Amino acid sequence: MPAYAQVSEAEFLDHRWQAKHSITNAAKLLAALEGLVPEEFFRDAAEGFKHAPMSVRVSPYLLSLVDWTRPYEDPLRIQFIPVASRRLPDHPKLGLDSLHERADMPVPGLTHRYPDKALFLALDTCPVYCRFCTRSYAVGLDTEQVEKFQLRVNQERWDKVFAYIASRPELEDIVISGGDAFQLRAEQISQIGETLLAMPNIRRFRYATKGPAVMPQKVLTDDAWLDALTRVVEQGRRLHKEVALHTHFNHPNEITTITKAAMDRLFERGITVRNQTVLVRGVNDSADTMTLLARRLGYVNVHPYYVYVHDLVKGVEDLRTTLQTGLDIERRLRGSTAGFNTPTFVVDAPGGGGKRDAHSFEHYDRETGIAVYTAPAVRPDKLFLYFDPIDRLSLAGQARWADPREHQAMVDEAVRAVCGTSSPPRDLLSAV
Ligand code: SF4
(Lines give C-alpha, C1' and ligand atoms only; values in the text may rest on other atoms or scores of the structure.)
Protein backbone atom coordinates (compact mmCIF):
# COMPACT_ATOMS: atom_id res chain seq x y z
CA MET A 1 0.00 0.00 0.00
CA PRO A 2 1.37 3.44 -0.88
CA ALA A 3 0.85 4.66 2.71
CA TYR A 4 3.29 2.02 4.01
CA ALA A 5 5.75 1.97 1.11
CA GLN A 6 8.44 3.73 3.16
CA VAL A 7 8.02 1.50 6.22
CA SER A 8 10.88 -0.94 6.72
CA GLU A 9 10.17 -4.66 7.00
CA ALA A 10 11.43 -4.65 10.59
CA GLU A 11 8.99 -1.88 11.51
CA PHE A 12 6.10 -3.57 9.73
CA LEU A 13 6.81 -6.78 11.63
CA ASP A 14 6.89 -4.99 14.99
CA HIS A 15 3.61 -5.25 16.90
CA ARG A 16 4.23 -1.86 18.56
CA TRP A 17 4.38 -0.17 15.15
CA GLN A 18 1.20 -2.00 14.08
CA ALA A 19 -0.66 -0.96 17.25
CA LYS A 20 0.54 2.65 17.04
CA HIS A 21 -0.52 3.04 13.42
CA SER A 22 -3.88 1.29 13.67
CA ILE A 23 -6.79 3.08 12.03
CA THR A 24 -9.39 4.31 14.52
CA ASN A 25 -11.37 6.94 12.62
CA ALA A 26 -12.45 7.97 9.15
CA ALA A 27 -9.73 10.63 8.80
CA LYS A 28 -6.95 8.09 9.43
CA LEU A 29 -8.59 5.68 7.01
CA LEU A 30 -8.67 8.40 4.37
CA ALA A 31 -4.96 9.09 4.90
CA ALA A 32 -4.03 5.41 4.64
CA LEU A 33 -6.10 4.73 1.53
CA GLU A 34 -5.35 7.90 -0.39
CA GLY A 35 -5.42 7.14 -4.11
CA LEU A 36 -6.56 3.55 -3.62
CA VAL A 37 -10.34 3.85 -3.46
CA PRO A 38 -12.87 6.30 -4.89
CA GLU A 39 -14.09 9.26 -2.81
CA GLU A 40 -17.52 7.68 -2.69
CA PHE A 41 -16.17 4.72 -0.67
CA PHE A 42 -14.78 7.09 2.00
CA ARG A 43 -18.12 8.85 2.39
CA ASP A 44 -19.79 5.45 2.69
CA ALA A 45 -17.30 4.28 5.34
CA ALA A 46 -17.42 7.57 7.29
CA GLU A 47 -21.21 7.23 7.46
CA GLY A 48 -20.82 3.55 8.39
CA PHE A 49 -18.54 4.46 11.33
CA LYS A 50 -21.34 6.67 12.73
CA HIS A 51 -23.91 3.89 12.86
CA ALA A 52 -21.69 1.01 14.03
CA PRO A 53 -22.23 -0.57 17.46
CA MET A 54 -18.46 -1.21 17.66
CA SER A 55 -15.69 1.37 17.59
CA VAL A 56 -13.29 0.91 14.67
CA ARG A 57 -9.69 -0.29 15.00
CA VAL A 58 -7.82 -1.91 12.09
CA SER A 59 -4.09 -2.55 11.89
CA PRO A 60 -1.95 -1.60 8.86
CA TYR A 61 -1.29 -5.34 8.42
CA LEU A 62 -5.01 -6.04 7.97
CA LEU A 63 -5.50 -3.03 5.70
CA SER A 64 -2.68 -4.38 3.54
CA LEU A 65 -4.45 -7.71 3.13
CA VAL A 66 -7.59 -6.09 1.70
CA ASP A 67 -8.02 -6.08 -2.08
CA TRP A 68 -8.74 -2.36 -2.50
CA THR A 69 -9.71 -2.81 -6.15
CA ARG A 70 -12.84 -4.56 -4.82
CA PRO A 71 -13.42 -3.07 -1.35
CA TYR A 72 -17.13 -3.89 -1.24
CA GLU A 73 -16.51 -7.61 -1.79
CA ASP A 74 -13.32 -8.06 0.21
CA PRO A 75 -13.81 -10.48 3.15
CA LEU A 76 -11.48 -8.55 5.48
CA ARG A 77 -12.95 -5.12 4.72
CA ILE A 78 -16.42 -6.57 5.40
CA GLN A 79 -15.38 -7.75 8.88
CA PHE A 80 -13.68 -4.61 10.13
CA ILE A 81 -14.78 -1.51 8.21
CA PRO A 82 -18.51 -0.70 8.11
CA VAL A 83 -20.10 1.00 5.10
CA ALA A 84 -23.49 2.67 5.41
CA SER A 85 -24.74 1.57 1.98
CA ARG A 86 -24.85 -2.12 2.97
CA ARG A 87 -26.78 -1.64 6.22
CA LEU A 88 -29.97 -3.62 6.69
CA PRO A 89 -32.73 -3.05 9.25
CA ASP A 90 -32.31 -5.10 12.42
CA HIS A 91 -34.48 -8.17 12.92
CA PRO A 92 -37.02 -7.25 15.64
CA LYS A 93 -35.61 -9.99 17.89
CA LEU A 94 -32.02 -8.74 17.94
CA GLY A 95 -30.42 -7.50 21.16
CA LEU A 96 -27.12 -6.01 22.36
CA ASP A 97 -26.30 -8.84 24.78
CA SER A 98 -28.18 -11.62 23.00
CA LEU A 99 -26.37 -14.37 24.93
CA HIS A 100 -27.45 -12.77 28.23
CA GLU A 101 -23.89 -12.90 29.56
CA ARG A 102 -24.59 -10.15 32.10
CA ALA A 103 -27.60 -12.02 33.49
CA ASP A 104 -25.32 -14.95 34.39
CA MET A 105 -22.61 -12.85 36.11
CA PRO A 106 -22.34 -13.63 39.85
CA VAL A 107 -19.56 -10.99 39.96
CA PRO A 108 -18.84 -8.34 37.30
CA GLY A 109 -16.95 -9.86 34.39
CA LEU A 110 -17.47 -13.56 35.19
CA THR A 111 -20.22 -15.44 33.36
CA HIS A 112 -21.01 -18.77 35.03
CA ARG A 113 -23.50 -20.64 32.84
CA TYR A 114 -22.25 -24.17 32.26
CA PRO A 115 -21.93 -26.35 35.36
CA ASP A 116 -18.13 -26.78 35.24
CA LYS A 117 -16.97 -23.84 33.10
CA ALA A 118 -16.90 -20.04 33.44
CA LEU A 119 -15.99 -17.12 31.21
CA PHE A 120 -13.68 -14.49 32.73
CA LEU A 121 -13.88 -11.16 30.90
CA ALA A 122 -10.57 -9.79 32.08
CA LEU A 123 -10.57 -6.59 30.00
CA ASP A 124 -12.54 -4.76 27.34
CA THR A 125 -10.04 -3.93 24.60
CA CYS A 126 -8.80 -5.84 21.51
CA PRO A 127 -6.02 -5.34 18.93
CA VAL A 128 -8.79 -4.82 16.33
CA TYR A 129 -12.54 -4.48 16.65
CA CYS A 130 -14.76 -6.85 14.70
CA ARG A 131 -18.02 -5.38 13.47
CA PHE A 132 -19.95 -8.50 14.46
CA CYS A 133 -18.63 -8.79 18.03
CA THR A 134 -21.17 -10.57 20.20
CA ARG A 135 -19.90 -8.56 23.16
CA SER A 136 -20.57 -5.17 21.57
CA TYR A 137 -22.34 -4.27 24.83
CA ALA A 138 -18.91 -4.02 26.52
CA VAL A 139 -15.94 -4.29 24.15
CA GLY A 140 -14.20 -1.19 22.81
CA LEU A 141 -14.92 2.49 23.28
CA ASP A 142 -18.42 3.97 23.50
CA THR A 143 -19.89 4.68 20.07
CA GLU A 144 -22.67 7.00 18.93
CA GLN A 145 -24.93 3.94 19.17
CA VAL A 146 -23.77 2.17 22.36
CA GLU A 147 -22.62 3.23 25.82
CA LYS A 148 -20.51 0.27 26.94
CA PHE A 149 -20.72 -1.83 30.10
CA GLN A 150 -17.29 -1.29 31.72
CA LEU A 151 -14.92 -4.25 31.98
CA ARG A 152 -11.56 -2.49 32.40
CA VAL A 153 -8.59 -4.23 33.99
CA ASN A 154 -9.13 -3.68 37.71
CA GLN A 155 -7.38 -5.66 40.45
CA GLU A 156 -10.31 -5.37 42.85
CA ARG A 157 -12.69 -6.76 40.23
CA TRP A 158 -10.23 -9.52 39.34
CA ASP A 159 -9.83 -10.45 43.04
CA LYS A 160 -13.60 -10.90 43.31
CA VAL A 161 -13.57 -13.09 40.19
CA PHE A 162 -10.73 -15.25 41.57
CA ALA A 163 -12.47 -15.54 44.96
CA TYR A 164 -15.69 -16.69 43.28
CA ILE A 165 -13.87 -19.27 41.11
CA ALA A 166 -12.00 -20.63 44.15
CA SER A 167 -15.25 -20.87 46.11
CA ARG A 168 -17.02 -23.06 43.52
CA PRO A 169 -15.59 -26.59 43.52
CA GLU A 170 -17.69 -27.52 40.47
CA LEU A 171 -15.73 -25.00 38.32
CA GLU A 172 -12.91 -26.83 36.50
CA ASP A 173 -12.47 -24.88 33.29
CA ILE A 174 -12.02 -21.13 32.68
CA VAL A 175 -12.01 -19.11 29.45
CA ILE A 176 -9.99 -15.91 29.83
CA SER A 177 -11.38 -13.49 27.32
CA GLY A 178 -12.68 -9.95 27.05
CA GLY A 179 -11.68 -8.14 25.06
CA ASP A 180 -8.62 -10.00 24.06
CA ALA A 181 -5.74 -11.68 25.91
CA PHE A 182 -3.31 -10.06 23.39
CA GLN A 183 -3.97 -6.80 25.24
CA LEU A 184 -2.96 -8.21 28.64
CA ARG A 185 0.55 -7.28 29.76
CA ALA A 186 3.02 -10.14 30.29
CA GLU A 187 2.74 -9.85 34.07
CA GLN A 188 -1.07 -10.01 33.80
CA ILE A 189 -0.85 -13.20 31.71
CA SER A 190 1.38 -14.63 34.49
CA GLN A 191 -0.82 -13.41 37.34
CA ILE A 192 -4.01 -14.89 35.91
CA GLY A 193 -2.29 -18.14 34.92
CA GLU A 194 -0.51 -18.68 38.23
CA THR A 195 -3.61 -17.82 40.25
CA LEU A 196 -5.77 -20.30 38.35
CA LEU A 197 -3.12 -23.05 38.34
CA ALA A 198 -2.88 -22.77 42.13
CA MET A 199 -6.60 -23.52 42.56
CA PRO A 200 -7.15 -27.24 43.21
CA ASN A 201 -10.57 -27.18 41.48
CA ILE A 202 -9.19 -25.79 38.19
CA ARG A 203 -8.13 -28.51 35.74
CA ARG A 204 -7.80 -26.53 32.51
CA PHE A 205 -8.13 -23.04 31.04
CA ARG A 206 -7.61 -21.16 27.80
CA TYR A 207 -6.62 -17.63 26.87
CA ALA A 208 -8.86 -16.32 24.10
CA THR A 209 -7.33 -13.99 21.54
CA LYS A 210 -8.00 -12.98 17.98
CA GLY A 211 -4.41 -11.75 17.90
CA PRO A 212 -2.83 -14.47 15.74
CA ALA A 213 -5.42 -13.74 13.01
CA VAL A 214 -5.08 -9.96 13.02
CA MET A 215 -1.66 -9.10 14.42
CA PRO A 216 0.64 -12.15 14.31
CA GLN A 217 3.56 -9.73 14.64
CA LYS A 218 3.06 -9.75 18.41
CA VAL A 219 3.92 -13.45 18.65
CA LEU A 220 7.13 -12.70 16.75
CA THR A 221 8.24 -9.53 18.53
CA ASP A 222 6.71 -9.41 22.02
CA ASP A 223 9.02 -11.89 23.73
CA ALA A 224 7.92 -10.91 27.24
CA TRP A 225 4.26 -11.73 26.43
CA LEU A 226 5.09 -15.01 24.70
CA ASP A 227 7.54 -16.06 27.44
CA ALA A 228 4.88 -15.38 30.11
CA LEU A 229 2.35 -17.50 28.21
CA THR A 230 4.92 -20.26 27.67
CA ARG A 231 5.78 -20.35 31.38
CA VAL A 232 2.10 -20.74 32.33
CA VAL A 233 1.65 -23.53 29.74
CA GLU A 234 4.77 -25.34 30.99
CA GLN A 235 3.82 -24.94 34.64
CA GLY A 236 0.36 -26.29 33.75
CA ARG A 237 1.93 -29.29 32.05
CA ARG A 238 3.98 -30.06 35.16
CA LEU A 239 0.74 -29.92 37.20
CA HIS A 240 -1.11 -32.00 34.56
CA LYS A 241 -3.44 -29.11 33.79
CA GLU A 242 -4.05 -28.07 30.20
CA VAL A 243 -3.51 -24.42 29.24
CA ALA A 244 -4.35 -23.58 25.61
CA LEU A 245 -4.84 -20.60 23.31
CA HIS A 246 -8.15 -20.14 21.50
CA THR A 247 -8.13 -17.92 18.47
CA HIS A 248 -10.44 -16.64 15.77
CA PHE A 249 -9.58 -16.91 12.07
CA ASN A 250 -12.56 -16.36 9.75
CA HIS A 251 -11.10 -16.42 6.24
CA PRO A 252 -8.17 -18.14 4.48
CA ASN A 253 -6.77 -14.72 3.43
CA GLU A 254 -5.99 -14.10 7.12
CA ILE A 255 -3.34 -16.86 7.01
CA THR A 256 -0.11 -15.40 5.59
CA THR A 257 3.60 -16.17 5.74
CA ILE A 258 3.73 -13.88 8.80
CA THR A 259 0.96 -15.95 10.41
CA LYS A 260 2.87 -19.14 9.58
CA ALA A 261 6.03 -17.82 11.26
CA ALA A 262 4.02 -16.81 14.35
CA MET A 263 2.12 -20.08 14.62
CA ASP A 264 5.32 -22.08 14.09
CA ARG A 265 6.76 -20.23 17.08
CA LEU A 266 3.77 -21.19 19.23
CA PHE A 267 3.97 -24.80 17.98
CA GLU A 268 7.68 -25.05 18.79
CA ARG A 269 6.83 -23.99 22.35
CA GLY A 270 4.22 -26.74 22.62
CA ILE A 271 1.25 -24.36 22.87
CA THR A 272 -2.04 -25.88 21.70
CA VAL A 273 -4.06 -23.48 19.55
CA ARG A 274 -7.72 -24.01 18.64
CA ASN A 275 -9.81 -21.85 16.33
CA GLN A 276 -13.35 -20.53 16.63
CA THR A 277 -14.79 -19.09 13.40
CA VAL A 278 -17.91 -16.97 13.05
CA LEU A 279 -20.05 -17.66 9.99
CA VAL A 280 -20.27 -14.23 8.33
CA ARG A 281 -22.20 -13.37 5.17
CA GLY A 282 -19.92 -12.36 2.32
CA VAL A 283 -16.85 -13.57 4.25
CA ASN A 284 -17.00 -17.34 4.68
CA ASP A 285 -20.56 -18.37 3.80
CA SER A 286 -19.50 -20.86 1.14
CA ALA A 287 -18.32 -24.44 1.45
CA ASP A 288 -15.23 -23.76 -0.69
CA THR A 289 -14.05 -20.90 1.55
CA MET A 290 -14.70 -22.80 4.76
CA THR A 291 -12.93 -25.90 3.41
CA LEU A 292 -9.88 -23.85 2.41
CA LEU A 293 -9.89 -22.19 5.84
CA ALA A 294 -9.89 -25.59 7.59
CA ARG A 295 -7.03 -26.80 5.39
CA ARG A 296 -4.90 -23.69 5.95
CA LEU A 297 -5.54 -23.84 9.70
CA GLY A 298 -4.24 -27.40 9.57
CA TYR A 299 -1.08 -26.19 7.79
CA VAL A 300 -0.31 -23.81 10.66
CA ASN A 301 -1.16 -26.41 13.35
CA VAL A 302 -4.34 -24.73 14.54
CA HIS A 303 -7.28 -27.04 15.25
CA PRO A 304 -10.57 -25.86 13.74
CA TYR A 305 -12.82 -26.23 16.77
CA TYR A 306 -16.11 -24.38 16.26
CA VAL A 307 -17.96 -22.49 13.55
CA TYR A 308 -20.55 -20.26 15.21
CA VAL A 309 -23.72 -19.40 13.38
CA HIS A 310 -23.66 -15.59 13.74
CA ASP A 311 -25.18 -14.38 17.02
CA LEU A 312 -28.23 -12.11 17.06
CA VAL A 313 -26.12 -8.94 17.22
CA LYS A 314 -27.65 -5.51 16.63
CA GLY A 315 -26.48 -3.20 13.85
CA VAL A 316 -24.81 -5.79 11.58
CA GLU A 317 -27.73 -7.59 9.96
CA ASP A 318 -25.88 -7.53 6.62
CA LEU A 319 -23.35 -9.95 8.17
CA ARG A 320 -25.78 -12.64 9.32
CA THR A 321 -26.93 -15.52 7.17
CA THR A 322 -29.36 -18.38 7.70
CA LEU A 323 -28.91 -21.44 9.88
CA GLN A 324 -29.56 -23.48 6.72
CA THR A 325 -26.45 -21.95 5.11
CA GLY A 326 -24.37 -23.22 8.02
CA LEU A 327 -25.91 -26.69 7.79
CA ASP A 328 -25.25 -26.86 4.03
CA ILE A 329 -21.61 -25.80 4.45
CA GLU A 330 -21.05 -28.34 7.20
CA ARG A 331 -22.42 -31.14 5.00
CA ARG A 332 -19.89 -30.27 2.29
CA LEU A 333 -16.98 -29.65 4.66
CA ARG A 334 -17.25 -32.82 6.77
CA GLY A 335 -15.22 -35.59 5.22
CA SER A 336 -12.95 -33.27 3.23
CA THR A 337 -10.18 -33.63 5.81
CA ALA A 338 -9.46 -35.45 9.09
CA GLY A 339 -12.26 -35.40 11.66
CA PHE A 340 -10.13 -33.69 14.33
CA ASN A 341 -9.48 -30.89 11.81
CA THR A 342 -13.19 -30.44 11.10
CA PRO A 343 -15.05 -27.81 13.14
CA THR A 344 -18.38 -28.41 14.83
CA PHE A 345 -21.06 -25.97 13.69
CA VAL A 346 -22.87 -24.49 16.67
CA VAL A 347 -25.57 -22.01 17.55
CA ASP A 348 -24.90 -20.15 20.79
CA ALA A 349 -28.48 -20.33 22.02
CA PRO A 350 -29.85 -16.78 22.32
CA GLY A 351 -30.97 -16.00 25.84
CA GLY A 352 -28.31 -18.09 27.56
CA GLY A 353 -28.65 -21.76 26.56
CA GLY A 354 -24.99 -22.13 25.67
CA LYS A 355 -23.58 -23.72 22.52
CA ARG A 356 -25.81 -26.22 20.74
CA ASP A 357 -24.83 -28.40 17.77
CA ALA A 358 -26.41 -26.48 14.87
CA HIS A 359 -28.15 -29.67 13.69
CA SER A 360 -29.74 -30.39 17.05
CA PHE A 361 -32.73 -28.04 16.70
CA GLU A 362 -36.07 -29.39 17.88
CA HIS A 363 -37.81 -27.49 15.09
CA TYR A 364 -36.72 -25.25 12.18
CA ASP A 365 -39.25 -23.42 10.02
CA ARG A 366 -37.33 -22.25 6.92
CA GLU A 367 -40.20 -19.90 5.95
CA THR A 368 -40.29 -17.87 9.18
CA GLY A 369 -36.59 -18.53 9.84
CA ILE A 370 -37.26 -19.60 13.43
CA ALA A 371 -35.27 -22.50 14.92
CA VAL A 372 -35.97 -23.88 18.39
CA TYR A 373 -33.28 -25.43 20.60
CA THR A 374 -33.27 -27.01 24.04
CA ALA A 375 -30.31 -27.12 26.44
CA PRO A 376 -31.03 -29.93 28.93
CA ALA A 377 -27.66 -29.68 30.73
CA VAL A 378 -27.84 -25.89 31.10
CA ARG A 379 -31.51 -24.87 31.42
CA PRO A 380 -33.73 -27.93 31.12
CA ASP A 381 -36.93 -25.90 31.59
CA LYS A 382 -36.43 -23.45 28.70
CA LEU A 383 -36.68 -23.25 24.92
CA PHE A 384 -34.24 -21.07 22.95
CA LEU A 385 -35.10 -19.45 19.63
CA TYR A 386 -32.75 -18.50 16.80
CA PHE A 387 -33.98 -16.17 14.03
CA ASP A 388 -32.65 -16.10 10.46
CA PRO A 389 -32.16 -12.64 8.89
CA ILE A 390 -35.39 -11.53 7.27
CA ASP A 391 -33.92 -10.51 3.90
CA ARG A 392 -32.78 -14.10 3.38
CA LEU A 393 -36.28 -15.59 3.84
CA SER A 394 -38.79 -16.41 1.12
CA LEU A 395 -41.16 -13.62 0.10
CA ALA A 396 -43.90 -15.30 2.17
CA GLY A 397 -41.66 -15.28 5.25
CA GLN A 398 -40.63 -11.67 4.69
CA ALA A 399 -44.29 -10.65 4.37
CA ARG A 400 -45.11 -12.19 7.76
CA TRP A 401 -42.26 -10.36 9.49
CA ALA A 402 -43.39 -7.11 7.83
CA ASP A 403 -46.60 -7.35 9.86
CA PRO A 404 -45.91 -6.83 13.61
CA ARG A 405 -49.14 -8.64 14.51
CA GLU A 406 -47.64 -11.80 13.03
CA HIS A 407 -44.49 -11.80 15.18
CA GLN A 408 -45.98 -13.47 18.24
CA ALA A 409 -48.03 -15.82 16.05
CA MET A 410 -44.83 -17.11 14.38
CA VAL A 411 -43.12 -17.62 17.75
CA ASP A 412 -46.21 -19.41 19.10
CA GLU A 413 -46.29 -21.71 16.06
CA ALA A 414 -42.64 -22.64 16.61
CA VAL A 415 -43.17 -23.33 20.31
CA ARG A 416 -46.30 -25.37 19.65
CA ALA A 417 -44.41 -27.45 17.08
CA VAL A 418 -42.02 -28.49 19.85
CA CYS A 419 -44.44 -28.81 22.76
CA GLY A 420 -47.32 -30.34 20.84
CA THR A 421 -49.81 -28.39 22.94
CA SER A 422 -51.92 -25.43 21.88
CA SER A 423 -51.13 -23.43 25.04
CA PRO A 424 -47.56 -24.00 26.24
CA PRO A 425 -46.64 -22.37 29.58
CA ARG A 426 -45.75 -18.68 29.18
CA ASP A 427 -42.40 -18.93 30.99
CA LEU A 428 -41.12 -21.73 28.77
CA LEU A 429 -39.35 -19.37 26.39
CA SER A 430 -36.02 -17.84 27.24
CA ALA A 431 -36.22 -14.08 26.77
CA VAL A 432 -34.68 -12.91 23.49
S1 SF4 B 1 -11.52 -9.74 18.90
FE2 SF4 B 1 -13.22 -10.89 19.83
S3 SF4 B 1 -13.86 -9.67 21.60
FE4 SF4 B 1 -12.60 -8.33 20.27
S5 SF4 B 1 -14.02 -7.29 18.90
FE6 SF4 B 1 -13.37 -9.14 17.83
S7 SF4 B 1 -14.92 -10.70 18.34
FE8 SF4 B 1 -15.11 -9.01 19.86
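The values are calculated or read from the model by the stated rules, or taken from the named source; none is laboratory data. In this text, all values refer to a predicted model and were calculated from it rather than measured experimentally. Here the Cβ is made from the backbone with ideal geometry for all residues, glycine too, and neighbour counts use every protein chain on show. To get the accessible areas, we keep the full protein, side chains included, count just its heavy atoms, and leave off ligands, DNA and RNA. Shrake-Rupley method; radii C 1.70, N 1.55, O 1.52, S 1.80 Å.
Here are the numbers for the structure shown:
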read-out: Radius of gyration and maximum dimension Dmax of the range 98-227, Cα, Å; value: 14.6, 45
read-out: Relative packing of peptides 257-270, 121-134 - highest average C-beta neighbours within 10 Å first; value: 121-134, 257-270
read-out: Set K50/K218; K160/K218; K314/K355; K93/K160 screened for pairs whose C-alpha atoms are more than 22 Å apart; value: K50/K218; K160/K218; K93/K160
read-out: Gyration tensor verdict on the chain (Cα atoms; rounded if a/c is under 1.5, prolate if a/b is larger than b/c, oblate otherwise); value: oblate
read-out: Of every Cα-Cα pair in the range 319-370, the percent that sits beyond 14 Å; value: 59
read-out: Charge tally in the Cβ shell below 12 Å around V302, where Lys, Arg are +1 and Asp, Glu are -1, V302 excluded; value: +2
read-out: Built amide H within the under 5 Å cut-off of R203, gap 5+; value: D173
read-out: Point-charge dipole on Cβ atoms (K/R +1, D/E -1) for the range 149-283, about Cα centre, debye to 20; value: 240
read-out: For the chain, calculated [θ]222 nm from helices alone, where every DSSP H run of n ≥ 4 adds -39500 (n - 2.57); value: -10000 deg cm²/dmol
read-out: Residues of type aspartates and glutamates that K20 reaches as a straight line, Cα spacing below 12 Å, ignoring anything fewer than 8 places off in the same chain; value: E11
read-out: Gyration tensor (alpha-carbon) shape descriptor, the range 137-213, a/c threshold 1.5; value: prolate
read-out: Relative contact order %, the range 42-134, counting alpha carbon pairs below 8 Å whose residues are six or more apart; value: 36
read-out: Karplus-derived 3J(HN,Hα), 6.51/-1.76/1.60, for each residue of the range 33-47, Hz, glycine and proline x; value: 9, 3, x, 9, 10, x, 3, 4, 5, 4, 4, 5, 5, 4, 5
read-out: For G354, residues with placed amide H under 5 Å, excluding near neighbours; value: A349
read-out: Note, ³J(HN,Hα) from phi for the range 347-354, Karplus 6.51, -1.76, 1.60, rounded to Hz, x at Gly and Pro; value: 10, 7, 4, x, x, x, x, x
read-out: Carbon/sulfur fraction of accessible area - the range 366-407, other protein chains in place, 1.4 Å, %; value: 56
read-out: Shape of the range 344-432, Cα gyration tensor, a/c cut at 1.5; value: oblate
read-out: Check: the range 77-192 dipole with +1 on Lys, Arg Cβ and -1 on Asp, Glu Cβ, in debye; value: 440
